[in-house]
Every structure is written in C-alpha cells, then in structure tokens.
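Written below as structure tokens is the structure these notes are about.
The values are calculated or read from the model by the stated rules, or taken from the named source; none is laboratory data. This one's a predicted model, so the numbers in the text were calculated from it and none came from an experiment. Every residue, glycine as well, gets a Cβ built from its backbone with ideal geometry; the counts of neighbours run over all protein chains shown.
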Amino acid sequence: MTSDWFRRAALMIAVIAVTAIGGPRSIAQTATQIEPRAIAPRGPLPESERALVTLFHDSAPSVAYITTEMSVRLGLFVLGAQGAGSGFIWDTAGHVVTNNHVVAEAEKVFVQLDEGEPIVATVVGRTPEYDLAVVTLSRVPQSLRPIPLGSSADLRVGQAVYAVGNPFGLQRTLTHGIVSALDRELPTSENREIGGVIQIDAAINPGNSGGPLLDSAGRLIGVNFAIRSGSSSSAGVGFAIPADLVNRIVSTIIARGRVPIAGIGIVPYSAEDAARAGMRGVVIRSISPDSSAARAGLRAANARARDPGDVIVGVNGKKVDTPSHFANELESVGIGNTAELTVVREGRERKIPVQVADIAP
C-alpha cells in the first residue's frame with residue numbers, strides 16, 4: 001500500500017513538472033500567436049452578378065417603406081396599432097403606389113424613402129377591387145426617382161423576375177426567381193377577381209405587399225400583392241398585379257381620386273351559397289332601387305317563397321358561373337354600354353338587355 005502511494009505521488013510530480021516546463025498553453029497565449037488568414041484574391045464579378053447588382057442599385061431608391069397607424073377597438077378599449085408594407089415612386093410629383101390592403105384602415109400614413117425621416121403621406125385614392133392605392137407625399141424631395149415602367153403584355157413563363165420590398169420590416173430586400181405562370185385569377189374584394197395575375201416563385205413574404213416586381217431591365221412589370229401558403233410565409237408561390245393593369249388603374253386614381261366599377265346594381269349570393277343550393281350562375285340576393293337592374297325588371301331571389309328569381313348564366317353570349325366571372329364580363333362590356341344578360345326565370349332562359357353603370361362609391 002505504501003509503494004502504491006509513492007508511485008501515485010511520483011506520477012503527479014512528473015505531470016506538474018512537464019506542464020511547467022513545456023505543457024499545454026492557455027487559450028489566451030495560443031490566440032495571440034496565431035496570425036489572421038490571408039484573404040484569397042478573386043477576379044471581377046461575372047456579368048450576370050454585375051447586372052443584378054446594378055439592377056438593385058438603380059431600383060432601390062425608387063422603393064418605399066410604408067408604415068401606418070390606426071385605431072383598433074377591443075371591447076370597451078380603443079388601442080393603437082401599426083402596419084407596414086412596401087410601395088414605389090410613381091412620378092416626380094410625389095405619388096407613391098402600394099396595395100389597397102396596406103393603407104385601407106390607416107389613419108396616418110408614413111413613407112420612408114432612400115434617406116431622411118419618414119414623410120407624412122395622404123391617400124389620394126384606393127380600390128379594393130384591384131387592391132391598389134396611391135398616396136401622395138406631403139413633402140416632395142427633389143431627388144425622387146420614379147421607377148421605370150415596363151409592360152406585362154409580352155411576359156413569358158420562365159422569364160427572370162426580381163422583387164424588391166420590405167418583408168418583415170427588413171428594408172430594401174431583393175429576391176429573384178422566374179415567372180411561374182400567367183393569367184391567373186385571384187379574388188380581391190367580395191365577388192371580384194383580378195385577371196391576368198402573374199405567378200412567380202421569387203420569395204414574397206408579409207411586408208412585400210405593394211412592392212415592385214421588375215424584369216431584368218429593371219422595369220416595373222407588376223405589383224406584388226399576395227402569397228399562397230398555409231404558414232403565411234413564402235412557399236414559392238407569389239402573385240403580382242400586372243403592370244398594364246396597374247398603369248391604367250393608377251392613372252385613373254391620380255386623375256379622379258377613384259376608379260369606376262362596372263355593375264348593374266345587384267348584390268349576388270356567393271358562389272359557395274349558390275353551389276350549396278344546387279344552382280350555377282349568379283343568384284341575385286338583392287337589387288338596388290333606381291339601378292339599371294331594377295329598371296330592366298330583374299327579379300331577386302325570395303328565400304321564404306323558395307323562389308330563386310332570375311339566375312344570370314350569360315353575358316353577351318358568354319357563359320358565367322360565378323359572381324366574379326359576371327363582374328369581369330361587365331368590365332369587358334364597359335360602363336355606359338348595354339349587356340345582354342341570359343337569365344333563367346321559372347326554368348326558362350330569356351334575354352334581358354341591361355345598361356352597365358358605374359357602381360363605385
């Protein structure tokens with residue numbers, strides 16, 4: 001037992017001696033003697049990357065970060081709330097374009113541009129039917145750079161696209177992808193759909209709404225406004241309002257402060273309600289007095305009498321199945337023109353001419 005104790009003691013003394021003479025050094029001692037690694041040189045960026053850097057550099061000053069303030073009633077209390085989205089400079093007069101849903105409930109709107117403090121803005125006009133809005137800056141900087149306007153008419157599936165916006169409040173974020181599909185239809189407000197929607201796989205997230213979609217030349221080809229995802233985050237399926245439609249709607253808002261909406265003065269049942277009742281077409285819930293529908297003698301449904309009234313199934317010979325299809329056909333006919341409606345009344349089809357009117361508030 002004594003010999004074991006001596007052996008252990010001798011081993012401990014040897015370890016201490018080795019450590020003192022040339023054992024492991026402390027982390028601090030080691031770190032001070034390691035030189036930083038040399039940076040490996042690289043050549044110039046490839047042309048494709050240089051083009052992308054230039055695109056962002058040129059377009060970023062035209063992209064705005066929009067914040068809003070509003071009041072929200074919660075029971076007996078009224079609380080302040082904030083929202084955020086994207087937009088872009090339309091012209092040197094200080095008009096900024098964004099989505100309607102970005103500013104729809106706003107009591108105050110602020111626009112953050114490339115430099116300086118956020119600028120107070122006023123809503124010029126908005127349209128839920130197209131999910132577009134225009135605000136104007138209270139102070140117009142001389143350095144405003146309107147975004148170049150392109151066309152959506154000649155887009156092709158597979159074409160490169162670039163989205164600039166403020167996802168999750170992260171300002172001036174660039175994502176890119178391709179045109180995944182064209183001519184999609186997406187609902188906006190009740191019984192309305194936007195046609196010609198551009199589907200893209202560039203990452204679109206909350207906060208991107210209202211930001212520009214660009215082509216490889218840096219031109220506006222769409223306005224990002226929606227994603228399709230179970231998590232409300234990017235899943236590679238984003239949507240943009242086509243630039244040709246944006247150009248028409250924004251110009252109208254700036255000129256008139258509103259966008260005329262084609263209609264005949266009816267409130268239809270939803271397509272889902274009609275389908276549950278086993279009917280196809282536009283089932284009329286109510287008709288506004290003094291409307292063109294009332295003057296034409298159209299009849300609304302009477303639920304108590306189990307009378308479906310006049311069910312609209314066609315416009316100028318084109319079949320319509322849903323209220324959104326019906327609204328699109330009236331838009332094609334145009335305000336002030338006459339649409340020949342095909343309606344089913346008491347089991348028989350008949351033709352009824354109705355004048356298309358402006359029903360926008």
Subset tally (residues that are more than 25 Å from ASP183 (Cβ to Cβ) and among the small types (Gly, Ala, Ser)) for region 106-157: 6
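Being under 23 Å from ASP183 (Cα atoms), at pLDDT 95 or above and buried (at least 17 other Cβ atoms within 10 Å of the Cβ) is the requirement here; does VAL250 meet it?
When the stated conditions are applied, VAL250 passes them.
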Close pairs (8 angstrom Cβ cut-off, 6 or more residues apart or separate chains): hydroxyl-bearing (Ser, Thr, Tyr) in region 164-177, in a helix (DSSP H, G or I) anywhere: THR173/PRO167
Qualifying residue in region 64-81 (condition: buried (at least 18 other Cβ atoms within 10 Å of the Cβ), touching a helix residue (DSSP H, G or I) at 6+ places or on another chain (Cβ under 7 Å) and either among the aliphatic types (A, V, I, L, M) or assigned to a loop (DSSP other than H, G, I, E, B) (or both)): yes
Residue match in region 320-328 (condition: among the hydroxyl-bearing types (Ser, Thr, Tyr), modelled with pLDDT of 90 or more and closer than 26 Å to LEU186 by Cα): no
Single residue of region 329-341 satisfying the filter (at pLDDT 95 or above and touching a Lys or Arg at 6+ places or on another chain (Cβ under 9 Å)) that is surrounded by the fewest Cβ atoms within 10 Å (Cβ to Cβ): GLU340
Region 281-294: number of residues that are part of a strand (DSSP E or B) and among the charged types (D, E, K, R): 1
Selection status of VAL313, closer than 17 Å to ALA271 by Cβ and aliphatic (A, V, I, L, M): yes
Verdict on ALA274 being in contact with a strand residue (DSSP E or B) (Cβ under 6 Å, 6 or more places away or on another chain) and in a strand (DSSP E or B): no
Whichever residue in region 281-290 is of a type outside the set (A, V, I, L, M, F, W, C) and in contact with a strand residue (DSSP E or B) (Cβ under 7 Å, 6 or more places away or on another chain) and, among such residues, is surrounded by the most Cβ atoms within 10 Å (Cβ to Cβ): GLY281
Failed item, numbered, when LEU220 is tested on (1) at negative phi; (2) modelled with pLDDT under 95: (2)
Count of residues meeting criterion [of a type outside the set (Ser, Thr, Tyr) and part of a strand (DSSP E or B)] in region 111-131: 9
Pair list, Cβ under 8 Å, 6 or more apart: region 183-202 residue modelled with pLDDT of 90 or more, other residue assigned to a loop (DSSP other than H, G, I, E, B) and not basic (Lys, Arg): ILE198/SER152; ILE198/LEU155; GLN199/VAL237; ASP201/GLY236; ASP201/VAL237
Test: residue in region 298-314 that is under 30 Å from SER151 (Cβ atoms), modelled with pLDDT of 90 or more and surrounded by 21 or more Cβ atoms within 10 Å (Cβ to Cβ): no
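Being part of a loop (DSSP other than H, G, I, E, B), within 20 Å of PRO260 (Cβ to Cβ) and out of contact with any Leu (no Cβ under 8 Å at 6 or more places or on another chain): is that true of GLY297 here?
It is false that GLY297 is part of a loop (DSSP other than H, G, I, E, B), within 20 Å of PRO260 (Cβ to Cβ) and out of contact with any Leu (no Cβ under 8 Å at 6 or more places or on another chain).
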Any hit, region 259-269, residues being surrounded by 14 or more Cβ atoms within 10 Å (Cβ to Cβ), assigned to a loop (DSSP other than H, G, I, E, B) and more than 33 Å from the chain's Cα centre (by Cα): no
Residue count for region 272-300, restricted to those that are under 18 Å from GLU340 (Cβ atoms), in contact with a Pro (Cβ under 7 Å, 6 or more places away or on another chain) and of a type in the set (Lys, Arg): 0
